[in-house]
Amino acid sequence: MDSKTLNVLEYPKILGQLAGFCSFSASKDLATALEPTSSFELATARLAETTEARKLLSMESVGVGAAHDIRPQADLAARGGVLDPHALLDLKSTLISCRDLKKAFEKRGQEYPRLTQVVLGLPDTHGLVDAITRILSDRGEILDSASAKLADIRRNLRVAQDRLMSRLQKYVTDSKTVSMLQEPIITQRDGRYVIPLRAEFKGKIKSIIHDQSSSGATLFVEPLPVVEANNEIRELQLAQRDEERRILAQVSLLIGEHATELKYGVENLAALDLAFAKAKYADELKASEPIIHDLLKVKGQKSDLRPSTFDLKLINARHPLLDPNTVVPVDVDPAPGIRAIVITGPNTGGKTVSLKTVGLLVVMAQSGLHIPAQSGSELPCFHSVWADIGDEQSIEQSLSTFSGHITNIIRIIKKIDHRSLVIFDELGSGTDPQEGAAIARAILSHLLDVGAMTMVATHYPELKTFAHGTEGVVNASLEFDIKTLRPTYKLTLGLPGRSNALLIAQKLGLPQPIIDSARAEINPLDLRADKLLDDIRKERNRTSREREKLEKARAKLEVQNRDLEKRLEKIEDERRETLAKARAEGELEVAVLKRNIDSLKGQLKKASQPLQAIKAIEEKMERMEEKVEAPIERRETVDSRPSTVNGQRSIALGERVTVSTLNAEGVVTALGESDAEVQIGTIRMRARLSDLVRRGQTVDDRPKTVVSQQPSTVHRQSSSPGIEVDLRGLMAEDALDKMERYLEQAFLSGLPFVRIIHGKGTGRLRQAVREALRGHEYIKSFEEGGSTEGGEGVTVALMKSG
């Protein structure tokens, strides 16, 4: 892309803002050097990469962490140089960032394929992180544990320093010498420990002078008795320095072996950070990914071989460098076949900003940046973008301005083709209006012949006429509010702009006779045309307002539709849950009834009685099974009046009762002629009225039912212990005893199945319970509880027949 054009469009400012979202210097350098590409494939890949990064950052916090550009350090290590501790810490933090990113993308290859491809280029740690951690603290200090020799040297150094300090301390505390000192302190000069001796006592203490104060009043001396101790400390310090350098050199050598991979990895890390920066910048701009289209290169010079249209469609496009709260968005959506747009309108009306907005959004898209426009915007992938935009309008500089513009235009015309976007601001200005308009028409005609996409801003009325009468060219205008004498900055395609000079002059107070005289000088046809344009613009504005109302109404309906859909989904979920509960209750009833029938059959056989007495019950059970298997229909409202048994008031809807067969208390939710539906906790079940005991009523107080003369035998020898037993918190032996007593009562009461709650825990109690159930005399089979029953913390056991 042309660098001058990029500067005119203020593209470097965009890159400066983008660099502000980068985390380290390498990615900042990439951001400031980012250029738009003319390759459709590369532009598409860049945009997709930014989209992936936005999706990832919207779901979780991911970044390059405390990464640094370690390429200079890697080069130094490769040449045999020794890295200082801070350089090693930078390398360590960078490798940790790479390791964390590779781990984060391990299972995201399919979801973020382009970012994953970049992550694959990050370097491995090769043990460098552990090697650096082993020798350096987080503050960059070499640890004593870095080597045994270093630990020994530092230990001897501390002993020698303590011994020396102890000897010097006598000089600052002894009453004979303390009066000779300027201050009772121990300090250092040239790496040796000294005391501050007053100059008048020079020679009183046998010592070596190392320094004196600026006034000469203080001498910094090393007493002769501690010279050897100071020498020993200095020797140990030098040995420590050499050992530390050896340790750093050893790790630097290891880094140098992987220098090439490290430098390549930093480049990939910078590319990944740049993708994250693009995503953050897009979120800041409230931007969206544009749809870009390829412009195929066409051989030949005939115009019919060139594309007749460009897929250019910008919806609510905003200039990215203007305040998003005040900028007025523009729509640029020319009809198919349009290759040139001529924009007219008043000065400071927004023509130049509109041109820059289109050009800047094009180069942003081809750089992989999302654009500040509504989703669904479309742009061609131009091979080149050219712009001549100047703000100089001084009459004194008209010649130089015109020459500069023409020189730039000549340079552009030599390089464009049908895949170019050309933007001219004030084409032909800066010279005689008649000649300037002629040159502007000729240049615009040439651009149409070449086939380039062209956008031109002008004040020349001749170009309005040219645009109106030329195929492939359309007029556009920026509106001006006569009432406020301010531009609205709204771009309208299809209508040329009006100067509104007479109206503005009248509003500002120019005498009416002068206004009338000026109007008389204007061609009446031009005045009539201006009035027609004004009427058309008013009608367009009215239509636009109506369309906005319809859009708001449509958006409101969509919100209501989504709300209704959510409510319907919730109702459907509740319906399915209700049906599932009802089916489970029916299965429970059938199981209980089967168990009772099996028990009756056994008792009748023992009594040598005929089985015809229970045939009716079996037929009823078969009908109940069919009912359970069939879809459950919506139940009609149940009469809530009190039920009677044998003419006596018994159970009422909503009354709390006890189900004697289960020894469980619940609430009556529905009543039938001979049975009732009872809610026990979260479970609903049906029970015979004769099995229900009202609160405050004993079993013997229940209303008696008329018993058939058919022989019958009592089949329940014990009251129900309930359908579940809780063993949690008990030792295994105590739990098994409790379970055994419970199973015996459950068997005697004829329960079809039981739930044994043992909890999850370590699994020992569960294992003990299931070992006891295996082969138990009362248990037919057992299985783990379902997901709604407690899962592996519960065992459901099926009881044998009595």
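Odds and ends about this structure:
- Breaking point among (1) charged (D, E, K, R); (2) open to solvent by 30 Å² or more (accessible area, probe 1.4 Å); (3) within 30 Å of L238 (Cβ to Cβ), for R198: (3)
- The combined condition, being exposed (fewer than 12 other Cβ atoms within 10 Å of the Cβ) and touching a helix residue (DSSP H, G or I) at 6+ places or on another chain (Cβ under 7 Å), is fulfilled by I185.
- Single residue of the range 744-796 satisfying the filter (in contact with a Leu (Cβ under 6 Å, 6 or more places away or on another chain) and assigned to a strand (DSSP E or B)) that is nearest to T661 (Cα to Cα): F753
- Single residue of the range 717-729 satisfying the filter (part of a loop (DSSP other than H, G, I, E, B) and touching a His at 6+ places or on another chain (Cβ under 9 Å)) that is farthest from A687 (Cα to Cα): R728
- The condition of being assigned to a helix (DSSP H, G or I), closer than 13 Å to V342 by Cβ and under 49 Å from the mean Cα position of the chain (by Cα) holds for only one of L491, L447, L478, that being L447.
- Residues of the range 212-237 satisfying the condition of being open to solvent by 60 Å² or more (accessible area, probe 1.4 Å) and without any contact (Cβ under 8 Å) to a residue 60 or more places away in the chain: Q212, S214, S215, L224, P225, E228, R234, E235
- Exactly one residue out of R163, R167 is more than 27 Å from R245 (Cβ to Cβ), touching a residue at least 60 places away in the same chain (Cβ under 8 Å) and either more than 46 Å from the chain's Cα centre (by Cα) or open to solvent by less than 70 Å² (accessible area, probe 1.4 Å) (or both): that is R167.
- Taking the range 38-137 and the helices (runs of 4 or more DSSP H) fully enclosed by it, the elements with 3 or more residues that are surrounded by fewer than 18 Cβ atoms within 10 Å (Cβ to Cβ) and among the small types (G, A, S) are at 40-59.
Quick grid of which residues meet (1) within 19 Å of I292 (Cα to Cα); (2) basic (K, R); (3) open to solvent by 20 Å² or more (accessible area, probe 1.4 Å); (4) touching a Cys at 6+ places or on another chain (Cβ under 8 Å):
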| position | (1), (2), (3), (4) |
| --- | --- |
| L312 | yes, no, no, no |
| A317 | yes, no, no, no |
| L321 | no, no, yes, no |
| N325 | no, no, yes, no |
| V342 | no, no, no, no |
| N347 | no, no, yes, no |
| G350 | no, no, no, no |
| V353 | no, no, yes, no |
| V358 | yes, no, no, no |
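- For the range 1-17, residues that are part of a loop (DSSP other than H, G, I, E, B) and surrounded by fewer than 21 Cβ atoms within 10 Å (Cβ to Cβ) total 3.
- Contact map, the range 412-432: residues that are touching a residue at least 12 places away in the same chain (Cβ under 8 Å) and in a loop (DSSP other than H, G, I, E, B) paired with residues that are open to solvent by 30 Å² or more (accessible area, probe 1.4 Å) and aromatic (F, W, Y), Cβ distance under 6 Å, separation 6+ or inter-chain. Pairs shown: G430/F402; T431/F402.
- Which listed residue is part of a helix (DSSP H, G or I), touching a helix residue (DSSP H, G or I) at 6+ places or on another chain (Cβ under 6 Å) and modelled with pLDDT of 90 or more, from L219, L164: L164
- Close pairs from the range 758-781: first on the phi < 0 side of the Ramachandran plot, partner among the basic types (K, R) and open to solvent by 40 Å² or more (accessible area, probe 1.4 Å), Cβ under 7 Å, at least 6 apart: H758/R728; H758/R766; Y778/K800; I779/K800; K780/K800
- Scanning the range 781-795 for residues that are of a type in the set (S, T, N, Q) and open to solvent by less than 60 Å² (accessible area, probe 1.4 Å) gives S781, T795.
- Within the range 18-31, the set of residues being surrounded by fewer than 16 Cβ atoms within 10 Å (Cβ to Cβ) and in a helix (DSSP H, G or I) comprises S25, D29.
- Residue check, A457 under 48 Å from the mean Cα position of the chain (by Cα) and under 19 Å from A317 (Cα atoms): yes
- K149 falls short on exactly one of the conditions (1) open to solvent by 70 Å² or more (accessible area, probe 1.4 Å); (2) under 30 Å from E228 (Cα atoms); (3) within 49 Å of the chain's Cα centre (by Cα); (4) not polar (S, T, N, Q), and that condition is (3).
- First in the range 1-18 and basic (K, R), second anywhere and open to solvent by 40 Å² or more (accessible area, probe 1.4 Å) and part of a helix (DSSP H, G or I), Cβ under 9 Å, 6 or more apart: K4/R411
- Flag for F480 being among the aromatic types (F, W, Y), open to solvent by less than 10 Å² (accessible area, probe 1.4 Å) and in contact with a strand residue (DSSP E or B) (Cβ under 7 Å, 6 or more places away or on another chain): no
- S375 being closer than 26 Å to E289 by Cβ, in a loop (DSSP other than H, G, I, E, B), of a type in the set (S, T, Y) and at pLDDT 90 or above: yes
- Whichever residue in the range 744-780 is hydroxyl-bearing (S, T, Y) and open to solvent by 30 Å² or more (accessible area, probe 1.4 Å) and, among such residues, is farthest from the chain's Cα centre (by Cα): Y778
The values are calculated or read from the model by the stated rules, or taken from the named source; none is laboratory data. Only a predicted model underlies this, so the values are computations on that prediction, with no experimental measurement involved. Methodologically, a virtual Cβ is constructed for each residue, glycine included, from the backbone with ideal geometry; neighbour enumeration extends over all protein chains shown. We work out accessible area using only protein heavy atoms, side chains counted, and drop any ligands, DNA or RNA first. Shrake-Rupley method; radii C 1.70, N 1.55, O 1.52, S 1.80 Å.
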